[in-house]
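One structure is given below, encoded as structure tokens.
The values are calculated or read from the model by the stated rules, or taken from the named source; none is laboratory data. Predicted, not measured: the structure shown is a model, and the values here were computed from it. FYI the Cβ positions are ideal-geometry reconstructions off the backbone, even for glycines, and counts take in every protein chain you see. For the accessible areas, the whole protein counts, side chains as well, though only heavy atoms, and no ligand, DNA or RNA atoms are used. Shrake-Rupley method; radii C 1.70, N 1.55, O 1.52, S 1.80 Å.
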Amino acid sequence: GTIQTFKTEGVQVNMSVGEITQTAATISGNISLTEKNVLEVGLLYSSSSSDPKATTSGVNKVVLTDMIDADGNFTYKAENLLNETTHYYRYYIKQGSAYTYGDVSTFKTEKVPVTIEVESIDKNVVTFKGNVQFSEAGVIEIGVQYYPKSTTSQSAGIQTKAITEISENGDFTVEISRLLLGTEYYWQYYLLQNGVESGGLLQTFEIADLYNVQSDLNI
């Protein structure tokens with residue numbers, strides 16, 4: 001007989017990013033899905049890949065099919081994200097072993113506000129004071145790293161001091177002792193999250209040589 005055609009409907013997926021903090025983002029939307037047991041619809045997001053796919057390493061995959069309510073609405077909170085970082089996200093549709101993908105969109109997590117300065121230098125002990133505002137406590141480590149200016153960081157080895165005592169309003173002090181006399185140091189604060197480290201402005205402080213005494217003796 002005469003060949004005729006028909007076309008199946010497409011799955012309509014709408015998603016957007018709502019609240020964004022330093023390490024989390026809320027993604028919500030709507031999926032028009034008539035056969036849940038045939039099609040799988042999900043979310044892909046990554047900070048390392050600008051073209052996230054279900055088979056790419058470093059890409060987070062979330063199945064949304066079982067999250068939608070009777071009207072097709074869903075809400076998902078992506079957590080433990082890298083701070084001050086652009087993330088790429090899109091939806092995917094899986095049928096059998098075949099994937100189709102939506103357009104890639106982006107969002108950027110917030111920066112962690114940090115202020116820190118040298119408060120005092122007493123012989124070979126340096127005390128820092130500062131303030132940090134974490135939106136999610138306990139997710140990111142903050143500390144001070146330092147090394148002698150006369151050598152490179154690779155040959156000297158960067159030393160670190162984690163800041164463990166932070167008040168409710170974000171204030172902290174940290175003390176570094178047993179520094180070398182007569183030595184100038186590089187220092188900066190660092191943030192460590194999921195093995196990824198970022199640092200603040202590189203600055204210097206100097207420990208005086210307490211035994212460099214000049215004198216003349218006439219007999």
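In the structure shown, the pairs LYS36/LYS61; LYS111/LYS149; LYS53/LYS94; LYS77/LYS108; LYS77/LYS161 are assessed against 23 Å; a Cα-Cα span above that value is assigned to LYS111/LYS149; LYS77/LYS161.
Extension gain for the segment THR164 to ALA54, taken as residue separation times 0.36 nm less the Cα-Cα distance, is 35.8 nm to one decimal. The trypsin sites (Lys or Arg not before Pro) of segment 57-119 that meet both conditions, a loop assignment by DSSP and at most 13 other Cβ atoms within 10 Å of the site Cβ, are LYS111. In order along segment 107-114, the Karplus-derived 3J(HN,Hα) couplings, from 6.51 cos²θ - 1.76 cosθ + 1.60 at θ = phi - 60°, round to 8, 10, 6, 6, 7, 7, x, 10 Hz, and Gly and Pro are given as x. Dividing the radius of gyration of the alpha carbons in the chain by their Kirkwood radius gives 1.25 for Rg/Rh.
Hey, any idea what % of segment 174-219's accessible area is carbon plus sulfur with a 1.4 Å probe? Summing carbon and sulfur atoms, their accessible area is 46 percent of the total for segment 174-219.
Lys and Arg at +1, Asp and Glu at -1: add these up for the other residues within a Cβ distance under 14 Å of PHE74 and post the number. Taking every Cβ under 14 Å from that of PHE74, the sum is -2.
Its alpha carbons give segment 94-160 an Rg and a Dmax of 21.6, 70 Å. Working note: Karplus 6.51/-1.76/1.60 with θ = phi - 60° gives segment 17-27 the couplings 9, x, 5, 10, 10, 5, 9, 8, 8, 9, 10 Hz, where Gly and Pro are set to x.
Apolar share of the accessible surface for segment 35-114: 40 percent from carbon plus sulfur atoms, 1.4 Å probe. Take the Cα of ILE121, step 7 Å toward its Cβ, do the same at THR100, and the gap between the two points is 6.6 nm.
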